[in-house]
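What follows draws every value from the coordinates through simple rules; no lab data is involved. These numbers come from a predicted model, not from an experiment. Cβ sites come from the backbone with ideal geometry, for glycine too, and all protein chains shown count toward neighbours.
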Ligand code: NI
């Protein structure tokens, strides 16, 4: 947080470039990094690449022990449609905002569309934590970090104070 590369609008990936060594290698790097640090998701701008590529998903995640499973997904050039005006507040963290958590409002039901790493269409309607993860990751493509979405700053703090049991997975360094 504070790096101007996290505040940019990301460029779409040219469809003809998805199969390239560069894009496929970037996707592998994103997945490897996400799993190495127990992320729920990771966006290309978080590793300094200003392209519309997201990875997310997990069966179980020690940083979010109560979260429902989300299928491993590589999502290129995503478009989100909000399907419910209901906003729900829940805890979020971010690998670009280490050691902090906040209650963040997100829409409870969305549709997302985009392309996978083979260039095939993804079109899903999802709710709750899955919808939250996609909205959080998509925000990285439009220069938004979760603290910019916080409404209730009484629920914004250090992970090791708020959730001491999670701090081993989410340090303040
Ligand atoms: Ni994030």
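Using all alpha carbons of the chain, what is the percent of pairwise distances in each 5 Å bin, ordered from the shortest bin to the longest? Going out from 0 Å in 5 Å bins, the chain shows 1, 8, 18, 22, 23, 16, 8, 3, 1, 0 percent. Measure nothing but the geometry: give the 0 to 90° angle between the long axis through the Cα atoms of 21-36 and the longest principal axis through the Cα atoms of the chain, rounded to 10°. That works out to roughly 20 degrees. The calculated FRET efficiency for residue 128 paired with residue 21, based on their beta-carbon distance and R0 = 35 Å, is about 0.45. As a length-normalised measure over Cα pairs under 8 Å and 6 or more apart, the relative contact order of the chain settles at 24 percent. Taken over the alpha carbons of segment 34-128 as equal point scatterers, the Debye sum produces base-10 log I(q)/I(0) values at 0.11, 0.16, 0.18, 0.23 Å⁻¹ of -0.34, -0.76, -0.99, -1.51. Modelled this way, with points 7 Å down the Cα-to-C-beta line, the labels at residue 118 and residue 3 are 3.2 nm from one another. Against the main long axis of the alpha-carbon atoms of the chain, helix 128-139 sits at an angle near 70°.
Suppose R0 equals 22 Å; then what is the FRET efficiency for residue 161 and residue 89 from their Cβ-Cβ distance, rounded to the nearest 0.05? E between residue 161 and residue 89, to the nearest 0.05, is 0.75.
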